[in-house]
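Read through the structure below, which is laid out as structure tokens, and then see the notes.
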Amino acid sequence: MKAVITVIGHDTVGILHKVSGICAGCNANIVEVTQSVLQDLFAMFMLVDIREMSCEFSALSDALTKLGTELGLSIHVMHEDIFNSMHRI
């Protein structure tokens, strides 16, 4: 099982570090990361393996949402099944 994490907002130092730290704290393994900075706009997409997570999915999502609020970023976590259902043609 995997989850998709998206992060969008103004670029600041340490975004990847803070998001990955929350994932590590829940034992969610980051499989892939893509990020871009366009002028001062930061965009990041992460694919995270959640099979061995040591916390509930909702706890990971809540922690990342809280981080987003603190940093002024939009952070969303979506289970792979929901992501695939939403993007299936």
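Every number here is computed from the coordinates shown, using simple stated rules; none is lab data. What you see is a predicted model, and the numbers here were worked out from it, not measured in a lab. Cβ atoms come from the backbone with ideal geometry, glycine included; neighbour counts cover every protein chain shown.
For the range 34-45, putting each phi into the Karplus relation 6.51 cos²θ - 1.76 cosθ + 1.60 with θ = phi - 60° gives couplings of 10, 9, 9, 10, 10, 6, 10, 9, 9, 9, 9, 10 Hz, in residue order, rounded to whole numbers and with x for Gly and Pro. Taking the centroid of alpha carbons for each part, the range 1-17 and the range 34-83 are 6 Å apart. Counting only DSSP H runs of at least 4 residues, each contributing -39500 (n - 2.57), and dividing by the residue count of the chain, the helix-based mean residue ellipticity at 222 nm comes to -11000 deg cm²/dmol.
Computing volume of the Cα convex hull per residue in Å³ for the structure here picks out one of [x] 145; [y] 120; [z] 91, namely [z]. Look at Met86, Met53 and count the other Cβ atoms within 10 Å of each Cβ; fewest to most, that gives Met86, Met53.
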